[in-house]
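A quick write-up on the structure given underneath.
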Amino acid sequence: MPQRVFFVTSEVYPFSKSGGLGDVMGALPEAMQKTGLPSAVVSPFYGRISTGNFRVRLAVSGLPVGYPWAPITADVYEAEYHGVPLYFIDRGEYFDRRYYYNNPVKGDYFDNAERFIFFCRAAVALMEHLGTPPSIVHAHDWQAALLPAYIHFLRPENPFWTNTGTVFTIHNVAFQGRFSSRLFTSCGLPPEAWNVDGVEFYGDFNLLKGGIVYADAVTTVSPSYAREILTERYGCGLDGTLRQRELHLYGILNGADYSVWNPEDDPYLPCRYSVKDLSGKQKCKEHLISELGLDPALKDRPLLGFIGRMRGQKGIDLVNAVIPDLMRMDVGVVALGEGKPEYEAEISELMEQYRGRVAAVIGYTEDLAHRMQAASDIFLMPSRYEPCGLTQMYALRYGTLPVATAAGGLRDTINPWPGEDATGFIFTKSETRELLETIRQAVAFWTDNPAGRQKMVRRGMRREFTWDRACREYMDIYRTIRLRL
Ligand code: ADP
Ligand code: GLC
């Protein structure tokens, strides 16, 4: 049995979160620890980190990191969340910024490579400083992808790392951390890592590729996505590299954290409800209708919700495109998200045009996301691809019927109507015609078949996507890796 796992991640709920990665890292380490495997998390100390009710103390002052030049150091803060120790790497010039990765208007921060190379090197320095070699380092996404590479090259020469296994989880292969080759020279990897079987990618330095190539095992967040990324269509140029690692690639479905996402005790809702008594859901709907200034008559019509990054991946452009047709079906639409200015502008204009029937909130608001899940009847998720997707799992738990594409984790979590065990509505091609047709079916089902609707809602609410199951699958991988070391 491995001794201790270090999760290395650029986001961890409730301290930092821009999407599902934050949610996963807020839940998986705790679940792992409950399964009997001591865990810790290493993450950046962002300026906008919410330390709210948590006691955060300085754990290490002036930790030598040696990147990008010799005397540079990091301070490390420590906190605890649900019994799991968290270490926050602090260096103001890199992390004390309003956003995590990019300024919404100006784009990606120019020094992202430097910031996250620094973060990975600081994580290595911190683990060495803490003195007990981790049995597993489990790194997530491109921001932490150099960890497996560093450890791969440290293992033969530094006894501290000899028995440490590495797992690398891809949450989205489209985000690769691809930078100019000149950043490689100072990153601390040996020259032999610079080739097509290493971190070089068409002449560039590709951090995600480093994780894929050098980790002892590579995982992604659903079985379907694990198959999809082996294909040219979904592999974003890394399908060849992934195929080379196919024997060590696993798809492990994320869980949902029901201590945060549960309508029975959600503190953000105006009233609670459960699978036994759904009356509170209607009250949540009426509350949101009034909160967002929508037409009160909508209380008896289906309310369609969208929550997510307003980017091509999530198909918000498809939602925008079908809204005029949806208005003829006499439904309401509520959307929460931020992303591409063009999509934000489109939905804001639609809100103007269909005042009282369409409400769009551009921004990032955790509590509103909870209220929207509870208030909506139908949840729209027409993703072009979806590694796992957590919002559809939350929708199911909140009694909100998902309408989603048959992509990645959506396929793995929603049973399609009209099957006997249906929990939602699935369509195959992410295009407006199919989306509209599927919404039409969902709306007809909702309005014409109240008994069937109740059954489907309850079936969805009873679905459990537990972290326990995922933990057991990760543990099997940890064990296999350690046997091979
Ligand atoms: P992804 O990680 O691809 O964005 P997921 O479905 O895995 O998609 O996770 C998204 C998470 O981010 C969910 O917790 C969702 O509620 C949250 N979220 C997305 N957009 C917003 C927003 N604008 N405001 C609040 N929460 C949001
Ligand atoms: C990524 C994916 C999303 C997944 C999340 C957590 O952001 O886009 O599908 O649920 O990571 O793994």
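For L247, the conditions (1) within 16 Å of ligand 1 (Cβ to nearest atom); (2) over 29 Å from H82 (Cβ atoms) are fulfilled apart from (1). Residues that are farther than 18 Å from Q441 by Cβ and β-branched (V, I, T) were ranked within segment 307-326; the one that is most open to solvent (accessible area, probe 1.4 Å) is I307.
Picking from A139, A149, which residue would you name as being within 16 Å of ligand 2 (Cβ to nearest atom) and within 24 Å of the chain's Cα centre (by Cα)?
Numbers: A149 fails: within 16 Å of ligand 2 (Cβ to nearest atom).
Among A139, A149, only A139 is within 16 Å of ligand 2 (Cβ to nearest atom) and within 24 Å of the chain's Cα centre (by Cα).
Of all residue pairs spaced 6 or more apart or on separate chains, those with beta-carbon atoms under 7 Å, a first member in segment 12-33 that is over 20 Å from S135 (Cα atoms) and a second member that is among the acidic types (D, E) and open to solvent by less than 10 Å² (accessible area, probe 1.4 Å) are K17/E11; S18/E11; L21/E11; G22/E11. Among the residues of segment 99-153, those identified as of a type in the set (K, R) and either crowded, with 19+ Cβ neighbours inside 10 Å or within 16 Å of ligand 1 (Cβ to nearest atom) (or both) are R115, R121.
Residues are listed down the side, and each one gets a yes or a no for (1) among the basic types (K, R); (2) outside any helix (DSSP H, G or I); (3) under 30 Å from Y100 (Cα atoms):
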| residue | (1), (2), (3) |
| --- | --- |
| G305 | no, yes, yes |
| D330 | no, yes, no |
| E346 | no, no, yes |
| E349 | no, no, yes |
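Suppose we keep only residues that are under 13 Å from F306 (Cα atoms) and within 16 Å of ligand 1 (Cβ to nearest atom) within segment 327-342. Which one would you say is most open to solvent (accessible area, probe 1.4 Å)? The qualifying residue most open to solvent (accessible area, probe 1.4 Å) is E338.
The set of residues from segment 381-391 being more than 16 Å from E366 (Cα to Cα) and within 12 Å of ligand 1 (Cβ to nearest atom) comprises M381, S383, R384, Y385, E386, P387, C388, G389.
Residue check: is L58 assigned to a strand (DSSP E or B), closer than 19 Å to M127 by Cα and open to solvent by 50 Å² or more (accessible area, probe 1.4 Å)? So that I can check it myself, show each step before the final result.
Numbers: assigned to a strand (DSSP E or B): yes; closer than 19 Å to M127 by Cα: yes; open to solvent by 50 Å² or more (accessible area, probe 1.4 Å): yes.
Taking the combined requirement at face value, the residue satisfies it.
Checking every residue in segment 373-386 against the condition of being within 12 Å of ligand 2 (Cβ to nearest atom), small (G, A, S) and in contact with a strand residue (DSSP E or B) (Cβ under 9 Å, 6 or more places away or on another chain) gives at least one match. In segment 374-402, the residues that are within 21 Å of L326 (Cα to Cα) and assigned to a strand (DSSP E or B) reach residues that are open to solvent by 10 Å² or more (accessible area, probe 1.4 Å) and polar (S, T, N, Q) with C-beta atoms within less than 9 angstrom, at least six apart or across chains, in these pairs: F379/T391; M381/T391; P402/T391.
Looking for whichever is open to solvent by 60 Å² or more (accessible area, probe 1.4 Å) and either away from ligand 1 (no atom under 16 Å from the Cβ) or aliphatic (A, V, I, L, M) (or both) here; the options are D295, D265. Which one fits? Let's see the steps before the verdict.
Numbers: D295 fails: open to solvent by 60 Å² or more (accessible area, probe 1.4 Å).
Being open to solvent by 60 Å² or more (accessible area, probe 1.4 Å) and either away from ligand 1 (no atom under 16 Å from the Cβ) or aliphatic (A, V, I, L, M) (or both) holds for just one of D295, D265, which is D265.
Against the conditions (1) out of contact with any Asp or Glu (no Cβ under 7 Å at 6 or more places or on another chain); (2) in contact (Cβ under 8 Å) with a residue 60 or more places away in the chain, Y101 satisfies every one except (1). Please tell me if Y394 is assigned by TED's automatic domain parsing to the domain that holds N320, within 12 Å of ligand 1 (Cβ to nearest atom), touching an Asp or Glu at 6+ places or on another chain (Cβ under 7 Å) and closer than 28 Å to G293 by Cα. For Y394, the condition - assigned by TED's automatic domain parsing to the domain that holds N320, within 12 Å of ligand 1 (Cβ to nearest atom), touching an Asp or Glu at 6+ places or on another chain (Cβ under 7 Å) and closer than 28 Å to G293 by Cα - is not met. Among the residues of segment 403-437, which ones are without any contact (Cβ under 8 Å) to a residue 60 or more places away in the chain and over 29 Å from D277 (Cβ atoms)? Residues satisfying the conditions are A406, F427, T428, K429, R433, E434, E437. Please work out which residue is modelled with the highest pLDDT, limiting yourself to segment 1-53 and to residues that are of a type in the set (S, T, N, Q), open to solvent by less than 30 Å² (accessible area, probe 1.4 Å) and under 15 Å from Y99 (Cβ atoms). Among those residues, the one meeting the criterion is S10.
Working carefully through the options A149, A145, A122, find the one that is over 14 Å from N206 (Cα atoms) and assigned by TED's automatic domain parsing to the domain that holds L183.
On the way: A149 fails: over 14 Å from N206 (Cα atoms); A145 fails: over 14 Å from N206 (Cα atoms).
One residue alone meets the criteria, A122.
Being more than 13 Å from ligand 2 (Cβ to nearest atom) and not charged (D, E, K, R) is the requirement here; does Y343 meet it? Yes; evaluated as a whole, the condition is true for this residue.
List the strands (runs of 3 or more DSSP E) inside segment 154-245, counting only whole elements, that have at least 3 residues being open to solvent by 50 Å² or more (accessible area, probe 1.4 Å) and within 16 Å of ligand 2 (Cβ to nearest atom). Steps first, answer last, please.
Working: elements: 165-170, 204-206, 217-220.
Qualifying strands (runs of 3 or more DSSP E): none found.
In segment 349-367, the residue that is surrounded by the most Cβ atoms within 10 Å (Cβ to Cβ) out of those that are without any contact (Cβ under 8 Å) to a residue 60 or more places away in the chain and within 14 Å of ligand 1 (Cβ to nearest atom) is A360. Per the listing Y94, Y150, the residue uniquely over 30 Å from K340 (Cα atoms), in a helix (DSSP H, G or I) and hydroxyl-bearing (S, T, Y) is Y150.
The values are calculated or read from the model by the stated rules, or taken from the named source; none is laboratory data. Worth saying up front: this structure is predicted, and the values here are computed from it rather than measured. Backbone-built Cβ (ideal geometry, glycine too); neighbour counts: all protein chains shown. What goes into the accessible areas is simple: the full protein's heavy atoms, side chains included, and nothing from ligands, DNA or RNA. Shrake-Rupley method; radii C 1.70, N 1.55, O 1.52, S 1.80 Å.
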